[in-house]
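The values are calculated or read from the model by the stated rules, or taken from the named source; none is laboratory data. Quick caveat: nothing in here was measured; it's all calculated off a predicted structure. Glycine also receives a Cβ, built like all others from the backbone with ideal geometry; neighbour counts cover every protein chain displayed.
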Amino acid sequence: MTHNISDTIAHPLFCVTEHVDYRISSGLLNSFTEWWHMPALVACVATVAAFVLWTYHLDASELPRWKGAPLALLRIFAWIVLLLGLLDISRTAEHEISFPSRVAVLVDGSASMTLAANARPVLASPDQTAEETSRSKAAKDILYNSSLLTSLRKVHEVSVWSFSSDSEKLVLLPQETQPTERLATQDAPEEWHDKLLSQGTETRLGDALLNVMRREPDESLAGIILLTDGGNNAGVDPIQAAVTVANSSTEVHVIGLGSEQLPANVRVADLLAPPRIFPGDSFSITGYLQSQGLEGEIAQVELLEAEAGTMIDASSTQPAGRVIDTTEVRLAADGELLAVRFDLDGLDNPGSRVLAIRVIPPKTDSRSGDNLEAADIEVVDGETQVLLLSGGPSREYRFLRNVLQRDQSFAVDVLLNSAPTGISQDARRILDGFPESREALDEYDVIVAIDYDWEQLDPASTARLERWVSEDSGGLFFVAGNVFMESWLTNRRFEAIRNLHPVELRRGEQILLTPQLAAIDPLPLRFSPDGNDSEFLWLSSNPIASQTIWSEFPGVYACFDTSVAKPGATVYARIGRNEGLGLNRGGPIYFAGQLYGSGTVFYAGSGELWRIRGVDPATHERL
């Protein structure tokens, strides 16, 4: 699988010294563009020389030879001087400064490189440790113990890169034929060996290739050597990166590590559990097992319970928590998901806890770190009081009201601007106006305002709302809209409402895109690191699965046009504008939040969270 790169890369050999060449050139001859120009010049010179000699012969026929010969030479010399002037003879100096060609060596630093270099389990023999048989060790052997780097450095500079979640240049090794090799080697100590660690949580193979193409000099990059096990689970698709590389003159050579067969392994691929239950309510928890090379094998599956915040070690023989149920299953065919369901009669004690499904695999299992999946579950003793405000019966209002109404842990009261008195709504209570006292407002834990017409509030109600958030630890959720928002933004009386928002709302702002203009072009959400790490925005029980689901969400069609967050606020997601393969980094803010006094305020740029139901209705209910 290994290629002799120095023989296969067809790039010229560069030198590292400055070379000066001197040459004599003729301006007349250099201006010749046709094949007949030079013969014509020779014919003209010969004709002129013959004419001069013939004329002199006639003029000096009566002179003695010793007098005539010098005169002839003088006349010929004069014509030669004229000819040289016509030729425009000059002496030029050419300075040639060349740079060495370069080869980039990319080494996979993801956690999958700790797997066995063959199809057997990692501990291949009692005398070999996991490090000695891993793919990472095989890559280091190629770099340290083979002639690969030595052969390359006879012809090229060599830059060594490591990549996983991101890519980093570790060292630039000089060409061995360079006069400055000793000095350059002193600037590149062998400590770079210690940086080749297989600890990354992601494998961004496509991103690494594109990063090398951007950061290495285009003119001298002769080739890329890739040492990897071939896995890619995040970032740019390697196929797209390969198209970019193919458009350049850079060749890519891959040294595959690991077996061509997937190692025997069983893992808990996913875990489905209700986030909240009531004491004594029956519920079920389902785990999905996925195996490779273990079809028909028997595995034991345990359901564990632990206190909230407990870290359960998947590889421990006695993990934290207690086993509340166990079962045996026969593993399915390679890659197929096997559902394992546990039905529970309920949990009695209120509070948060961790439920986990753990598989005890056969002895041939190659990895133990993926044998467990955990989920947080809350036993709710009481209802969360919600006041739902809306300017009109929008889809966002209807879907949110229905989800909360079906959840027994919420008690929902609604205040609809456009609803006439006495209208029927699917809610506990329908209010005719905003709560008129501090005590009435304190009954609520959360207030959701969907494009609400704040002009319906008097100054006392506005001050009461601000005090409820800042002093009474209320939770306020703003959803921007294009019906009432523009009108109250121009009213200075609602400065307190503007201050509650975690984003800067400039007066007179318009909606970014109307649904009619953007109906065929939804704009995706681009999450910040804070957004990816915030569990309340997860659409699944683990962050990787949540990011996958969000990536399947096509996006929204509108967003209030504000891109500036207030000091201390956190931006969780922005609207991404389609610009080639990238996204505009300064797009409008879609999700943001801030602490306001002792309370919390969250903001959404438009009332389109209901569109997540297009991916899966359960994801909208979880959100």
Worksheet entry | Single condition Val403 does not satisfy, out of (1) over 24 Å from Phe477 (Cβ atoms); (2) out of contact with any Phe, Trp or Tyr (no Cβ under 8 Å at 6 or more places or on another chain); (3) surrounded by fewer than 22 Cβ atoms within 10 Å (Cβ to Cβ); (4) among the β-branched types (Val, Ile, Thr) | (1)
Discussion item. Looking only at region 266-291, count every residue that is modelled with pLDDT under 80 and surrounded by 19 or more Cβ atoms within 10 Å (Cβ to Cβ) and tell me the total.
Written reply: 1
Practice prompt. Within region 464-514, track down each residue that is modelled with pLDDT of 80 or more and of a type in the set (Gly, Ala, Ser).
Written response: Ser470, Gly474, Gly475, Ala480, Gly481, Ala496
Practice prompt. Filter region 539-549 for residues that are in contact with a Phe, Trp or Tyr (Cβ under 9 Å, 6 or more places away or on another chain) and either modelled with pLDDT of 80 or more or of a type in the set (S, T, N, Q) (or both) and give the result.
Written response: Ser546, Gln547
Fill in: Tally, over region 443-466, of residues that are surrounded by fewer than 17 Cβ atoms within 10 Å (Cβ to Cβ) and part of a helix (DSSP H, G or I)
6
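Considering every residue within region 340-353, establish whether at least one is under 14 Å from Ala299 (Cα atoms) and of a type in the set (Gly, Ala, Ser).
The answer is no, given that none of the residues of region 340-353 is under 14 Å from Ala299 (Cα atoms) and of a type in the set (Gly, Ala, Ser).
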Item to complete: Being under 15 Å from Ala375 (Cβ atoms) and in a loop (DSSP other than H, G, I, E, B) is the filter; apply it to region 292-318 and report the residue that is modelled with the lowest pLDDT.
Response: Ala314
